[in-house]
Amino acid sequence: MIHIIYMAAGNSRRFGSNKLLHIWQGKMLYRHTLDMLSDIVSSRKINEDINYDITLTVVTQYDRIIADLDGRKDINTVFCGDSRLGASYTIKAGINSLMGRLKKDDWLLFIVADQPYLSEKTILKFIEAAEKKKNKKKKVKKNKNIEEVNKTKDIVNSTGELEDKEKKDN
């Protein structure tokens, strides 16, 4: 599974106001990439060969963003008042929100909300690379398991009795 953690929590100190809520090309800045991510999550398909499971979590320090996303079943929202202290607090809140659901082979993809030019193609390449890596790991693990079985299994002789492979080799 791939978990996207969308970090919509920046302080916008240089911008002068909350840039995530700034209207740009007809909608709030943070919604440009979020809407694209939501479409990717709902389609669950990169191409004909790759389907994937994916979650989308938005971490923010802004009540306005929480309210804007209220009721969205495709998006998990997490309020993090400590985000004002730095990005590491936002990252930690996103990871903590997934505790209990994370598995060993899951992937985390962190995306900041102030990149409206981040393309769907780029996101799909990340997802595809993660899925290929996961599938390669499964294949390697399966092949290693088969090799181990072949190394250790006993040999059945022509009379149906089990022989220890080491004795047979000597």
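The values are calculated or read from the model by the stated rules, or taken from the named source; none is laboratory data. If you're wondering where the values come from, they're calculated on a predicted model, not measured in any experiment. Please note: Cβ atoms are built from the backbone with ideal geometry, for glycine as well, and neighbour counts cover all protein chains shown. Areas reflect the complete protein model, heavy atoms only, side chains present, ligands, DNA and RNA absent. Shrake-Rupley method; radii C 1.70, N 1.55, O 1.52, S 1.80 Å.
Overview of values
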item: The range 102-118: number of residues that are open to solvent by 40 Å² or more (accessible area, probe 1.4 Å), in contact (Cβ under 8 Å) with a residue 12 or more places away in the chain and not aliphatic (A, V, I, L, M); result: 6
item: Qualifying position, being at pLDDT 90 or above, under 14 Å from the mean Cα position of the chain (by Cα) and closer than 22 Å to PRO116 by Cβ, among VAL58, VAL41; result: VAL58
item: Pair list, Cβ < 9 Å and 6+ apart or interchain, from the range 59-87 residues that are touching a residue at least 40 places away in the same chain (Cβ under 8 Å) to residues that are basic (Lys, Arg) and open to solvent by 70 Å² or more (accessible area, probe 1.4 Å); result: GLN61/ARG84; CYS80/LYS92
item: Residue match in the range 132-150 (condition: at pLDDT below 90, open to solvent by less than 50 Å² (accessible area, probe 1.4 Å), part of a helix (DSSP H, G or I) and under 19 Å from ILE54 (Cβ atoms)); result: yes
